[in-house]
Amino acid sequence: LARIGGGRACWSSPFRDEDGKVLGTFVVYSKVPAVPSAYERDMLEEFSSLAALVVQKSRLADERALIEQRFAAVFEHAAVGMLLVDRKGHLLSANPAFYQNTGYTEATLATLKPRTLLLDQADNRLDDLMRDLRRGKVDSFQLQSRYRRYDQSIAWISLTVTLLREQDGAVQCYLMIADDITERKQTEESLREAAAVFDNSREGMMVLDANWRTLNVNPAFSEITGLSCEQ
């Protein structure tokens, strides 16, 4: 192979990543028999370092492209609503699940800031939480709030907010994951109402398991029978 290429001498140097792992080898070929001078050895070191930077940058670019592809797939097909919001609070993009859950469209949401849909969050509290995100005090935060759907009905949302940053650490945008928890909230409210009826009813009530063991009795039952739940 050396004869075919006309090579009569060569010298080489491996180049490594930050952890010392060999990424490749930088090789210099000569068409005449020779050994490298001190200057050429220094140049070989310089070029090896540059080659390491090029290879690492290329790999990072490939990894970043793969991560972006995966994020785009998750964003598009997630069952929960997802939004990308700029630093000033304007919507950059929302996924199909968000539009489906809220009834908004890209056109009807274009003139609104997503935060204006929330009914239970004071602006200054939300500003403080987002400021903590930007300053790196927290990686994310979560809150629950009522919000207004496009048809003006009121629903509940669990909102998780985090940041997407540029490679230099600068803020790119907010990522908001909006999970509609209206059904869960309605169930919780029904349970609270049932508990209130149980505790305040004038009629004696018992809660039994499948084996007819007493789990609970209400105050009226104890008053009528003189028996506590433990008894």
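The values are calculated or read from the model by the stated rules, or taken from the named source; none is laboratory data. Model, not experiment: these values are computed from the prediction. Every residue, glycine as well, gets a Cβ built from its backbone with ideal geometry; the counts of neighbours run over all protein chains shown. Keep in mind that these areas ignore ligands, DNA and RNA; they rest on the heavy atoms of the full protein, side chains included. Shrake-Rupley method; radii C 1.70, N 1.55, O 1.52, S 1.80 Å.
What the table below lists for this structure:
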| quantity | calculated |
| --- | --- |
| Residue count for the stretch 54-63, restricted to those that are loosely packed, with under 13 Cβ neighbours inside 10 Å and of a type in the set (S, T, N, Q) | 1 |
| In the stretch 174-207, the residues that are under 23 Å from Met82 (Cα atoms) and loosely packed, with under 11 Cβ neighbours inside 10 Å | Glu183 |
| One residue from Leu91, Leu66, Leu83 being open to solvent by 60 Å² or more (accessible area, probe 1.4 Å), within 30 Å of Leu159 (Cβ to Cβ) and among the aliphatic types (A, V, I, L, M) | Leu66 |
| The listed residue being open to solvent by 40 Å² or more (accessible area, probe 1.4 Å), among the small types (Gly, Ala, Ser) and farther than 30 Å from Phe98 by Cβ, out of Ala220, Ala210, Ala170 | Ala210 |
| Selected residue (only one of Phe98, Phe71 is in contact with a Leu (Cβ under 7 Å, 6 or more places away or on another chain), within 17 Å of Val161 (Cβ to Cβ) and of a type outside the set (Ser, Thr, Tyr)) | Phe98 |
| Selection count, the stretch 94-128, where residues are under 18 Å from Cys173 (Cα atoms), among the hydrophobic types (A, V, I, L, M, F, W, C) and surrounded by fewer than 17 Cβ atoms within 10 Å (Cβ to Cβ) | 2 |
| Test set (1) of a type in the set (D, E, K, R); (2) under 30 Å from Ala9 (Cβ atoms); (3) open to solvent by less than 50 Å² (accessible area, probe 1.4 Å) - Glu40 fails condition number | (3) |
| Residue count for the stretch 136-154, restricted to those that are part of a strand (DSSP E or B) and either within 28 Å of Ala170 (Cα to Cα) or touching a residue at least 40 places away in the same chain (Cβ under 8 Å) (or both) | 6 |
| Count - residues of the stretch 17-32 that are aliphatic (A, V, I, L, M), under 11 Å from Ser48 (Cβ atoms) and in contact (Cβ under 8 Å) with a residue 24 or more places away in the chain | 1 |
| Residues located in the stretch 5-16, provided they are in contact with a helix residue (DSSP H, G or I) (Cβ under 9 Å, 6 or more places away or on another chain), over 10 Å from Ala52 (Cβ atoms) and open to solvent by 30 Å² or more (accessible area, probe 1.4 Å) | Arg8, Cys10, Trp11, Ser12 |
| Count of the stretch 25-37 residues which are exposed (fewer than 15 other Cβ atoms within 10 Å of the Cβ) and touching a Ser or Thr at 6+ places or on another chain (Cβ under 9 Å) | 2 |
| Residues located in the stretch 1-41, provided they are of a type in the set (A, V, I, L, M) and within 53 Å of the chain's Cα centre (by Cα) | Leu1, Val22, Leu23, Val27, Val28, Ala38 |
| Residues within the stretch 141-167 that are within 22 Å of the chain's Cα centre (by Cα) and either at positive phi or open to solvent by 70 Å² or more (accessible area, probe 1.4 Å) (or both), tallied | 7 |
| Single residue of Ala2, Ala51, Ala73 found to be open to solvent by less than 90 Å² (accessible area, probe 1.4 Å), without any contact (Cβ under 8 Å) to a residue 60 or more places away in the chain and under 27 Å from Ile157 (Cα atoms) | Ala73 |
